[in-house]
Amino acid sequence: MADLDDALFCEDLPTRDGARHRVAERAEPATIRALIAALDAPHKQTRKRAARLLGDMRPARVAAPLIATLDDAAAPARSRVAAARLLTALCPDGEPALARGLADPDPRVRRACATTAARPPALEAALADAAAEVVEHAASALEALGHRPAPVALAAAAASTPALLRLQAAADPASPTLIAAALAGDATALDHLADLDALRALLAGPHRVAGAHALARLGAADPAWVTDPDPRVRAAAARALGPEALLADPDPGVAWLAAQSARGAYTPARVAGRLAPHARLSAASARPPYGFQADDPLPDVERAPAALALCQPRFDINLGVAVRSAEAAGLREVYLIGNAELFRSPARGTDRLIPVHAVADAAALVRRAREEGYQLVAVQQTPDSVPYHTAVYPPRPLFVMGAEDRGVPPALRAAADLVVEIPLFGGIDSLNVAAAATTVLFHWRCHLGRPQRGAAS
């Protein structure tokens, strides 16, 4: 159980991170029982680490013990709440235990069970719960599921909450209660009102912009809005009608919307395409516990002739995030300079797909780059730096990111074949390493970095 102790209590981050991954991959029954017991530990830090470890495990390994915990009325309330949250994350397609948990005597447990992973009939019944927070969570879950409750369930609701009002709007957009709330300026009612007469009434008051856009969304835009003095109302006309007169509107936002509309950007078919599931959702990494696990088949990826090097003399979460970005951008490999310890958790298993090498120092990276045929591209603010989006990149770049506190070492700046920087427009002096790496890598890959024939392997 040494790994479990390290994963829960060790304050050395690399040691704890490594232990966490070993514990999650083995997922032994005795370890799972110990972790479930730790969900009610006295210290919040221990409880959080135990829950995170259980969340890293395959649902097939941990679902049954978590269900038993949720069903056990004698289990501590904190443990039952944590079990409900974990089951929601690990079993998003539905878990009957969550429906049973909606009858738990503790409202904290009922609230934790009122999620999209519970069954709609149980969520409908929860609308009558005496606790307003349970009603709100149940209504939000039904809304997210696209489930329209029966009128009797809505009528039995014990509390009026924003999510419940949205459900009522979906069930009856001409509800007198909803109309009255909208005319009184209630934000939720204004956002979801769909009664045409009530929306037209809004045009004469302080909420005319909201009324105009809602009418436009419902296909009831008024051509007279084209000449309205308020550009926000003309924007509603531009999106819904796209008249040629608005292509030259003095307001740039209105003119842009009119041009988009003229190109068919807002037709029902185009909008429906935004709602369809993306092909990437079928990837193994898109399923609980998310990321790539040890026994997942690794996809065959066409890699670009490029790499990333991270100068980091200390342990840092940004290393794992940057490795994830490098893999997502389709790079070939990653180098860690001066520190071989990688915080794996933020990498989400991408270190299984892309090689991560350790090099001793800047000189070692320069030698490796030359031997592998890379050209060094340092990302660093200097008087000689070129804005990253205007740079002429080499064919096989090895992007070098500096440490958070010291930047790219002088030896690497001098050896770099190109130095680029990210222009900043706010008051802060820099981005963090992972954000900067992601910005530069994806710009390069999308615009310039398609794999080339004859590239060095």
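Annotations for the structure displayed:
- The one condition from (1) closer than 29 Å to HIS147 by Cβ; (2) touching a helix residue (DSSP H, G or I) at 6+ places or on another chain (Cβ under 9 Å) that ALA184 does not meet is (2).
- From the options SER282, SER261, residue that is out of contact with any Pro (no Cβ under 6 Å at 6 or more places or on another chain), open to solvent by 50 Å² or more (accessible area, probe 1.4 Å) and among the hydroxyl-bearing types (Ser, Thr, Tyr): SER282
- When residues of segment 91-101 are limited to those that are touching a Leu at 6+ places or on another chain (Cβ under 9 Å) and surrounded by fewer than 24 Cβ atoms within 10 Å (Cβ to Cβ), the one nearest to PRO65 (Cα to Cα): ALA97
- Of all residues making up segment 154-183, the number that are modelled with pLDDT of 85 or more and over 20 Å from LEU127 (Cβ atoms): 4
- Any hit, segment 118-134, residues being in contact with a Cys (Cβ under 7 Å, 6 or more places away or on another chain) and either closer than 21 Å to PRO289 by Cα or at pLDDT 95 or above (or both): no
- Residue within segment 426-449 that is open to solvent by less than 40 Å² (accessible area, probe 1.4 Å), at pLDDT below 90, farther than 21 Å from ALA364 by Cβ and assigned to a loop (DSSP other than H, G, I, E, B) present: yes
- Selection within segment 108-131 - open to solvent by 50 Å² or more (accessible area, probe 1.4 Å), in a helix (DSSP H, G or I) and out of contact with any helix residue (DSSP H, G or I) (no Cβ under 6 Å at 6 or more places or on another chain): PRO121, ALA125
- Within segment 308-350, the set of residues being basic (Lys, Arg) and either part of a loop (DSSP other than H, G, I, E, B) or modelled with pLDDT under 75 (or both) comprises ARG314, ARG332, ARG344, ARG348.
- PRO395, sole failed condition from (1) open to solvent by 50 Å² or more (accessible area, probe 1.4 Å); (2) over 21 Å from LEU331 (Cα atoms); (3) part of a loop (DSSP other than H, G, I, E, B); (4) not β-branched (Val, Ile, Thr): (2)
- Checklist (1) at pLDDT 85 or above; (2) within 29 Å of the chain's Cα centre (by Cα); (3) within 30 Å of ALA114 (Cα to Cα) applied to PRO151, failing item: (2)
- Each residue in segment 202-257 was checked for being of a type outside the set (Gly, Ala, Ser) and not in a loop (DSSP other than H, G, I, E, B), and 22 of them qualify.
- In segment 347-397, the residues that are farther than 13 Å from ARG413 by Cα, touching a residue at least 60 places away in the same chain (Cβ under 8 Å) and touching a helix residue (DSSP H, G or I) at 6+ places or on another chain (Cβ under 6 Å): ARG348, LEU353
- SER261 vs. criteria of a type in the set (S, T, N, Q) and closer than 30 Å to PRO151 by Cα: no
- All of ARG47, ARG61, ARG33 fail the test of being surrounded by fewer than 20 Cβ atoms within 10 Å (Cβ to Cβ) and within 25 Å of the chain's Cα centre (by Cα), apart from ARG47.
- Every residue from segment 195-243 that is open to solvent by 20 Å² or more (accessible area, probe 1.4 Å), of a type in the set (A, V, I, L, M, F, W, C) and in contact with a Ser or Thr (Cβ under 8 Å, 6 or more places away or on another chain): ALA240, LEU241
- Looking at PRO206, PRO243, PRO231, just one residue is over 29 Å from the mean Cα position of the chain (by Cα) and modelled with pLDDT of 95 or more, and that residue is PRO231.
For every residue, the table says whether it meets (1) closer than 22 Å to HIS443 by Cα; (2) in contact with a Gly (Cβ under 6 Å, 6 or more places away or on another chain); (3) surrounded by fewer than 19 Cβ atoms within 10 Å (Cβ to Cβ).
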| site | (1), (2), (3) |
| --- | --- |
| ARG303 | yes, yes, yes |
| CYS311 | yes, yes, no |
| ASN318 | yes, no, no |
| GLU327 | yes, no, no |
| GLY330 | yes, no, yes |
| ILE354 | yes, no, no |
| ALA360 | no, no, yes |
| ALA364 | no, no, yes |
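The values are calculated or read from the model by the stated rules, or taken from the named source; none is laboratory data. Being a predicted model, the structure only gives us computed values, none of them experimental. Glycine gets a Cβ as well: all are built from the backbone with ideal geometry, and neighbour counts include every protein chain shown. These accessible areas exclude ligands, DNA and RNA; they are computed on the full protein's heavy atoms, side chains included. Shrake-Rupley method; radii C 1.70, N 1.55, O 1.52, S 1.80 Å.
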